1. Quick one: Karplus J couplings for the stretch 112-119, per residue in order, coefficients 6.51, -1.76, 1.60, θ = phi - 60°, nearest Hz, x for Gly and Pro?
2. With a 10 Å Cβ neighbour count serving as the proxy for reagent exposure, in which order, fewest first, do M52, M176 appear?
3. So how do T115, T104 line up by other beta-carbon neighbours within 10 Å, fewest first?
4. Check which residues have an amide H placed less than 5 Å from V152's amide H, if you skip close sequence neighbours.
5. Straight-line reach from K170: which lysines have Cα under 27 Å away, leaving out those fewer than 8 places along the same chain?
6. Can you work out ³J(HN,Hα) from phi for every residue in the stretch 122-129, in order, using Karplus 6.51 cos²θ - 1.76 cosθ + 1.60 and θ = phi - 60°, giving whole Hz and x for Gly and Pro?
7. Determine, for L69, L196, L160, the number of other Cβ atoms within 10 Å of each Cβ, and report the residues in order from fewest to most.
8. For the stretch 105-194, list log₁₀ I(q)/I(0) at each q in 0.12, 0.19, 0.21, 0.25 Å⁻¹, using the Debye formula over Cα point scatterers of equal strength and ignoring solvent, two decimals each.
Amino acid sequence: MHSESEPASDAGALAPRAPSSPALAEPSPFLTGGAGLYDHSAQDPVSPAAGMWAGVTAVVISIVLGGVLIAMNPAFTNGKAAGTPNQLGPPVEAAAGPALAPGTPAFEGAQVLATKTCGGCHVIPGIAGATGAVGPNLGGVASRAKIAGGAVDNHGADDLKAWILNPQAKKPGTAMPNLGLTDDEATKIAAFLETLK
Ligand code: HEC
């Protein structure tokens, strides 16, 4: 705190500056001008290059160590998240179709099916792209004693054939349209559907 009663003596006052300080007589080579910053890196005990390489080395070590730790994660070998029981259960089988011998009616039926629009409304195992959800999943249709919501008996290929040839005749008002199949197409498709137990 300042007060009005400072000693009036000169004791302790700064000595007057020498008229021309030798240090400032000539511009210093280390003065960079501008903001007046002084680049002292040439006098550092550690060179800037050494600092840079230390940094590069640290980055490389981090990357390598990170990769090693990731590779050591047991989840990669056992297919589970590390340390937790597998909560997903056994792997889900793809909707595999039945194995069909070439040349059989069922084999040809699968080929006919693939050219029809059935797959737009039905999931059909073994038929690529048949993922429709308008009608019932045809997986296991051959094992159903009744189809079309219980309205139509299904005792075998003949019943399936009659259904797909003319659904309306079997169940008036059904949402399944008449696809205009030929008798031969319907026979083969029914033979294929019979394999979907
Ligand atoms: C426009 C959509 C559509 C198309 C295309 C279609 N279906 Fe369907 N299908 C349905 C619907 C809806 C039902 C259910 C009918 C009902 O319950 O009245 C059905 C029912 C069935 C059933 C009985 C399944 C069960 O378990 O009840 C079979 C078999 C079947 N369709 C076969 C075929 C075949 C084969 C084709 C191609 C030739 C085909 N469908 C094309 C809509 C379709």
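1. Taking θ as phi minus 60°, the curve returns 5, 3, 5, 8, 9, 8, 3, x Hz for the stretch 112-119.
2. Numbers: M52 10, M176 19.
Going from least to most buried by this count: M52, M176.
3. Details: T115 9, T104 14.
Arranged by neighbour count, lowest to highest, T115, T104 become T115, T104.
4. I147
5. Filter leaves K116, K146, K161, K188, K197.
6. The phi angles translate into 10, 7, 10, x, x, 10, 4, x Hz.
7. On the way: L69 9, L196 20, L160 26.
Taking fewest neighbouring Cβ atoms as first place, the list is L69, L196, L160.
8. Taken in order of the listed q values, log10 I(q)/I(0) reads -0.30, -0.81, -1.03, -1.57.
Every read-out reported here was derived from the displayed coordinates using simple, explicitly stated rules and does not represent laboratory data. These numbers were taken from a predicted model, which means no experiment stands behind them. With ideal geometry, Cβ positions are generated from the backbone for all residues, glycine too; neighbour counts draw on all protein chains shown.
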